[in-house]
Amino acid sequence: MSVENGEWIMRGLSWDDPYRIRTWRELADWINEVGFLPLFAGEIKGFSVEEHVSPSFWWTGDAEQDPWEWREIIARSRSVAYGKFFDRKAGFISLAWLPYFANARRDGYDFDSLYDEGLANARSKRIMDVFADGDGGWKGDLIFSTELKKLAGFGKDGAKNFPGIMTDLQMQLYLVVVDFQRRQNRRGGEYGMPVSILLPPEAVWGYDAVTSAYGEAPAESARRIAEQIQKHWPSADETAVRRMVGRRRGGVPT
């Protein structure tokens with residue numbers, strides 16, 4: 001996605017291109033094949049959903065053809081992780097690769113350990129505390145991000161930069177998007193744009209599944225991710241690859 005002469009231009013494949021991804025199921029299958037994928041085009045040519053779908057149906061609301069709608073369906077299916085994972089922008093990670101991203105991005109820390117070591121700020125803890133079950137685990141309650149903002153004490157007279165902190169927590173794989181729903185009025189009618197719903201990945205797929213790569217050094221997990229990008233996109237620039245790997249130590253990008 002780029003801006004040319006003041007207009008948003010979407011990249012993609014022609015409608016009759018045999019390599020065009022045609023359904024959300026095909027997209028989910030391809031993500032599982034390559035391991036992970038940003039939603040929109042970036043520095044690495046071909047490394048995005050955008051470049052492999054038709055540019056004609058974005059934001060049309062057609063669930064059969066619109067990749068913007070597909071992201072909601074895939075997130076809701078929980079067959080692939082979705083969130084702001086790549087250079088603070090949206091993308092997908094297969095469940096097979098999720099543990100390696102969690103290990104690399106968290107530097108091997110569960111959130112509570114990260115906070116106890118002074119490596120997570122109080123605003124992040126406000127958010128994660130909403131999901132805590134009181135027994136060292138995470139609740140699976142679905143909460144609109146708009147409601148989460150209030151429950152965590154953000155807003156006009158509270159903590160600041162809710163969107164930025166939420167993005168940080170997704171980049172560190174402490175939160176993932178699991179659904180989008182529209183809010184309801186007092187009569188039960190839906191209104192407004194769909195709102196994201198997030199959960200700790202451990203509440204979705206289980207602690208053991210998410211942390212199964214903790215047994216290896218975070219740097220090794222980061223190396224695996226880089227090699228996977230280079231395997232499928234061998235012409236990728238090394239700096240761009242590092243940015244996509246996005247390894248973080250104590251919440252600080254490296």
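Compute the relative contact order of the chain as a whole-number percentage, counting only Cα pairs closer than 8 Å that sit 6 or more residues apart in sequence.
Values: 411 pairs, mean separation 54.0, N = 254.
Contact order relative to length: 21 percent.
Sequence-ordered 3J(HN,Hα) estimates for the stretch 77-84 from the Karplus curve with 6.51, -1.76 and 1.60 and θ = phi - 60° stand at 5, 6, 7, 9, 7, 10, x, 8 Hz, glycine and proline given as x. What does a probe at Arg243 reach in the stretch 18-50, counting residues whose amide N is under 20 Å from the point 7 Å along Cα→Cβ? Under cut-off, by backbone N: 36-50.
Nearest 5 percent is fine: what portion of the DSSP beta bridges confined to the chain is antiparallel? Antiparallel bridges make up about 95 percent of those DSSP assigns within the chain. Projecting the alpha carbon convex hull of the stretch 25-83 along each direction and taking the average yields 4.0 nm².
Below 8 Å, C-alpha to C-alpha, sequence gap of six or more: please give me the relative contact order for the stretch 92-218 in percent. Mind showing how you got there, number by number?
On the way: 146 pairs, mean separation 41.6, N = 127.
Rounded, it is 33 percent for the stretch 92-218.
Looking at the stretch 168-254, the DSSP beta bridges with both ends there are about 100 percent antiparallel.
For the peptides 31-40, 92-101, the ranking by mean Cβ contacts within 10 Å, running from highest to lowest, is 92-101, 31-40. If each DSSP helix of 4+ residues adds -39,500 (n - 2.57) and the sum is divided by the residues in the chain, what number results at 222 nm, nearest 500 deg cm²/dmol? So the helix-based figure for the chain works out to -10500 deg cm²/dmol. Normalising the average separation of contacting C-alpha pairs (under 8 angstrom, six or more residues apart) by the number of residues puts the relative contact order of the stretch 23-99 at 35 percent.
Expressed as a whole percent, how much of the Cα-Cα distance distribution for the stretch 97-173 exceeds 17 Å? Each step should come with its number before you reach the end.
On the way: 1415 of 2926 pairs.
So the portion of pairs separated by more than 17 Å is 48 percent.
Of Ser94, Thr60, Ile44, which is farthest along the charge dipole of the chain in the positive direction, counting Lys and Arg as +1 and Asp and Glu as -1 at C-beta? Result: Thr60. Simple rule: put +1 on each Lys or Arg Cβ and -1 on each Asp or Glu Cβ in the chain, find the dipole, and look at Gly118, Trp70, Tyr214; the Cα lying farthest toward the positive end is Gly118.
Taken about its Cα centre, the chain carries a charge dipole of roughly 700 debye when the Cβ of each Lys and Arg holds +1 and the Cβ of each Asp and Glu holds -1.
Let me spell out the model: positive unit charges on the Cβ of Lys and Arg, negative unit charges on the Cβ of Asp and Glu, origin at the Cα centre of the stretch 81-170. What dipole size does that give, in debye rounded to 20? Don't skip to the end; give the middle numbers.
On the way: 13 positive and 13 negative charges, 113 e Å.
My answer is approximately 540 debye.
Here's the picture: charge each Lys and Arg Cβ at +1 and each Asp and Glu Cβ at -1 in the stretch 131-215, and of Gly155, Met171, Asn185 the one pushed furthest to the positive end of that dipole is Asn185. To the nearest 20 debye, what charge dipole does the stretch 7-136 have about its Cα centre, counting +1 at the Cβ of each Lys and Arg and -1 at the Cβ of each Asp and Glu? Around 200 debye, computed over the stretch 7-136. The Cα center of the stretch 59-80 and the Cα center of the stretch 177-203 differ in position by 15 Å.
The rule of thumb for compact globular proteins, 2.2 N^0.38 Å, goes into the C-alpha radius of gyration of the chain 1.02 times.
Every number in this text was worked out from the coordinates using simple rules, so none of it is lab data. From a predicted model like this one, the values you see are computed outputs, not experimental measurements. Cβ sites come from the backbone with ideal geometry, for glycine too, and all protein chains shown count toward neighbours.
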